[in-house]
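Scroll down for the structure; my scribbles are underneath it.
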Amino acid sequence: MELRTRPLSADDLPAWVELLAACALVHRTGEHYAVEDLAEDLETPGLDLDRDTLAVIGDGRLAGFATLAVRETTEPVFRIGLDAAVHPELRGRGIGTTLLTWAIRTAEARHAADGTELPLNLRTGLPELDLYGERLLARHGSAAVRWFTELTWDLAENPPGPGPEPDGLTLRTYRDEDEEPLRLLRNAAFADHWGAGQWTLEQWRHYKTRSRSFRPDLTWLAVAADGTPVGLALTQYFEADTAATGERDAWIDTVGTAASHRKRGVASALIRRVARTAADLGFRTASLGVDTASPTGADSLYRSLGFEPLRGFVSYDR
């Protein structure tokens, strides 16, 4: 197969959706995308399509893609995140090697241009069923470093009931004026979490509070008497998932509690509120992802509330 490479463009959006749908089917990722979702990705802050993206064209169609983005982190590395995939029907034809070779070369060039003395860290994630991707990454110097589990709560089979609520705090849904306080809370709450990084306001708006998937009515806060948020459960809804499965899932994207208020039942109270609100609005499930080695014991907490494991993902570093 003759391969041709060029940057991604808006013209690739329908083919990109088809490629990711094929990957989701093979690896059972549960992740589905609409053209509008991927259009948002092409508008990621700081993304230069010519510099940071690659499309591989084979047999006249999009055979694979890769995108790179510098990630802010408190760890002593210069981190670049890689998102990439090869169409399952076209694997074994050098497309993955083409993508990874480009990604490594481009990441090294960005690292050199920055002038930092920090070592370069190239990080990517894969569904645990992607053994092809695992072998390909290993051949190019990457190794598995962390494991994550997606958990889901069947709200129809196991309806969420009331539970204890934290003393001295008010629970309420999101308001526009919460945008910046919640970003600061999230950054502080995750400062000691592996690989979490720090969100700028521009990134927070793009990926979270002003994304087309954001659901303010399903986002719950715990607020102290002085009005300061001390806990959050930020929720998203992906219409493409419903189009593919026929079911509505409330994706609890971010759960965080200020260090000063941990071990008081804040997170569990917020998650129950999200689940009850979602059930009232006709959602079949609520889901979230968890680091299996989370320092807060989040995995055990979520399972105690009613979540059950669904699928796994792995982070790889080079």
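The values are calculated or read from the model by the stated rules, or taken from the named source; none is laboratory data. Just so we're clear, the structure is a prediction, and the values are computed from it rather than from any experiment. Note: ideal-geometry Cβ built from the backbone for every residue, glycine included; neighbour counts use all protein chains shown. Accessible surface is based on the protein model in full, side chains and every heavy atom, while ligands, DNA and RNA are left aside. Shrake-Rupley method; radii C 1.70, N 1.55, O 1.52, S 1.80 Å.
Solvent exposure of the chain amounts to 47 Å² per residue of accessible area, where only protein heavy atoms count and the probe is 1.4 Å. Computed about its Cα centre, the charge dipole of the stretch 14-80 is approximately 300 debye, with only Lys, Arg, Asp and Glu carrying charge at their Cβ.
Electrostatic tally near Val266: other residues with Cβ closer than 12 Å to its Cβ, Lys and Arg +1, Asp and Glu -1, net +3. The ratio of the alpha-carbon radius of gyration of the stretch 25-98 to the globular-protein estimate 2.2 N^0.38 Å is 1.26. Using a Gaussian network model of the chain in which every pair of alpha carbons under 10 angstrom is joined by a spring, one finds that among Leu218, Leu201, Leu137 the greatest mean-square fluctuation is at Leu201.
Computed from point charges on the beta carbon alone (+1 for Lys and Arg, -1 for Asp and Glu), the dipole magnitude for the chain about its Cα centre is near 640 Debye. Once the gyration tensor of the Cα atoms in the stretch 234-287 is diagonalised, the equivalent ellipsoid follows with semi-axes of 26, 11, 6 Å, ordered largest first. Atom-type composition of the exposed protein surface of the chain places 50 percent of the accessible area on carbon and sulfur (1.4 angstrom probe).
Taking the Cα centre of each part, how many Å lie between the stretch 153-171 and the stretch 104-126? Rounded to whole Å, the Cα centres lie 43 Å apart. For the chain, adding -39500 (n - 2.57) for each run of n ≥ 4 DSSP H residues and dividing by the number of residues yields -9500 deg cm²/dmol at 222 nm.
If the viscosity is 0.890 mPa s and the temperature 25 °C, what translational diffusion coefficient in µm²/s does Stokes-Einstein give for the chain when Rh comes from Kirkwood over Cα pairs? Rounded, D is 118 µm²/s. Taking Ala112, Ala85, Ala269 as the candidate residues, the one with maximal mean-square fluctuation in a Gaussian network model of the chain, Cα springs under 10 Å, is Ala112.
When the stretch 181-318 is described by a simple charge dipole with +1 on each Lys and Arg Cβ and -1 on each Asp and Glu Cβ, the residue from Ala240, Leu218, Ser304 located farthest towards its positive end is Leu218. Semi-axes of the equivalent ellipsoid for the stretch 1-159, computed as √(5λ) from the eigenvalues of its C-alpha gyration tensor and ordered from largest down, come to 25, 22, 17 Å. Tell me, how many Å apart are the Cα centres for the stretch 8-32 and for the stretch 243-318? Cα centroid of the stretch 8-32 versus Cα centroid of the stretch 243-318: 25 Å apart.
With all projection directions averaged, the alpha carbon convex hull of the stretch 144-205 covers 7.4 nm². Convex hull of alpha carbon positions in the stretch 72-215: directionally averaged projected area 13.2 nm². For the chain, the relative contact order comes to 21 percent (Cα pairs under 8 Å, sequence separation of at least 6).
Computed as a quarter of the hull surface, the mean projected area of the alpha carbon convex hull for the stretch 169-318 stands at 9.6 nm².
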